[in-house]
Amino acid sequence: MLKLTEKLDNTLWNVGLLFLRVSVGLLLAFGHGWGKLTNFSQMSTQFADPFGFGMAASLGLTVFAEFFCALAVALGILARVATLPLIIMFLTIVLIIHAPDPWAKQEFGLLYLISFVTILLTGPGKYSLDNMIFKWKRTE
């Protein structure tokens, strides 16, 4: 009986990771990244530039993270690596861009940050392209 419970727990763990990855990845990619990608030329002259890279470069880095890295996370391909630009971006958003703003403005970025840190720490799970392609063995 214990083995069945452990197997069910393992399956639910992996389904939970799949749900987290796909939901936050697609929400970010198509809720934020796609709009920036398709309106790049209009936005590149008025985008925040917190590190002095230039507005177009800052927007380009944001599009890379919000669209391409978020899709990689959703698919589970190089998911841990893809979370790194996302974590850096959301730390920048929360600690620099929205630092003087009220909690309600920071909360949204913190929720994404927590999600991507969780994926970094846990990995993409069994139901990911990483697992299928590289046949990584997870120790459960």
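Summary of values
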| item | result |
| --- | --- |
| Residues (surrounded by 13 or more Cβ atoms within 10 Å (Cβ to Cβ), free of Cβ contacts under 8 Å to residues at least 40 places away in the same chain and not in a helix (DSSP H, G or I)) located in region 97-140 | His98, Arg138 |
| Residue list for region 62-87, filter: assigned to a helix (DSSP H, G or I) and farther than 18 Å from Trp34 by Cβ | Ala79, Arg80, Val81, Thr83, Leu84, Ile87 |
| Any pair with Cβ under 7 angstrom, 6 or more apart, that starts in region 68-89 at a residue that is on the phi > 0 side of the Ramachandran plot and ends at one that is among the aliphatic types (A, V, I, L, M) and crowded, with 18+ Cβ neighbours inside 10 Å | Leu78/Ala72 |
| Residue in region 88-96 that is assigned to a helix (DSSP H, G or I), surrounded by fewer than 16 Cβ atoms within 10 Å (Cβ to Cβ), in contact with a Pro (Cβ under 9 Å, 6 or more places away or on another chain) and not polar (S, T, N, Q) present | yes |
| Matching residues, region 34-43, being out of contact with any Leu (no Cβ under 8 Å at 6 or more places or on another chain) and touching a residue at least 12 places away in the same chain (Cβ under 8 Å) | Trp34, Leu37 |
| Test: residue in region 54-71 that is hydrophobic (A, V, I, L, M, F, W, C), under 15 Å from Thr122 (Cβ atoms), modelled with pLDDT of 95 or more and within 11 Å of the chain's Cα centre (by Cα) | no |
| Every residue from region 15-61 that is buried (at least 16 other Cβ atoms within 10 Å of the Cβ), polar (S, T, N, Q) and not in a loop (DSSP other than H, G, I, E, B) | Ser58 |
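The values are calculated or read from the model by the stated rules, or taken from the named source; none is laboratory data. The structure presented is a predicted model; accordingly, all values stated were derived computationally and were not measured. Don't worry about glycine lacking a Cβ; one is built from the backbone with ideal geometry, like all the others, and counts go over all protein chains shown.
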